[in-house]
Amino acid sequence: MTSWRRALLAFGLFGGVGLLILFGLPALGLDGGAAARHALAMARGPWALPAVILAFAALAFLGVPQVALIAAAVLAFGPWTGLAYSWTGTMVSSAIGFALGRAFGARAIADWPAARRFTDLIGRNGLAASAVVRLVPFAPFVLINITAGVTSMSWWAFLIGTGLGILPKIVVIAFAGQS
């Protein structure tokens, strides 16, 4: 199979997974927002932050949209604590996805020169790419994290870019949602 056909197949598989998450889970009666609110509302006291981190990490990999997770944390803990917990949970979830991409993804595209050139471009501009992609909701958050791990982007560029890039969205959800 030629490299462009493999690239098209990979794109189709990633897109298929995204569509399955977007439309399949609600069709099966799995409401990500309701599940997130329920899980986070049960967490109180000293276990609240670890519970939020665990919920963000687990539910993100099940396809629950990041916006739903942030809104659930804000509803469960209020705007300031919800903002802090959402940011922390998102950062941990992002780092896990990045680590998975770094560990397993590079081998998957090693023989695709066009894909390697693209990932090298993203890797050279890691901080900016990581920050900007967070502002544009175009793909499932977990796929962005895993894809970033495939690039040559440094851990620090990824973490700083992600930390800065997610902040505006979390602030808007935390405080605009109160009105």
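The values are calculated or read from the model by the stated rules, or taken from the named source; none is laboratory data. As the structure is a computational prediction, the values presented were derived from the model and not from experiment. Cβ atoms come from the backbone with ideal geometry, glycine included; neighbour counts cover every protein chain shown.
Brief remarks follow.
- Residue check, ARG124 modelled with pLDDT under 80 and at negative phi: yes
- All helices (runs of 4 or more DSSP H) inside region 41-106 with 2 or more residues being β-branched (Val, Ile, Thr) and out of contact with any Gly (no Cβ under 8 Å at 6 or more places or on another chain): 79-100
- Residue satisfying all of: in region 130-179; crowded, with 22+ Cβ neighbours inside 10 Å and of a type in the set (S, T, N, Q); modelled with the highest pLDDT among these: THR162
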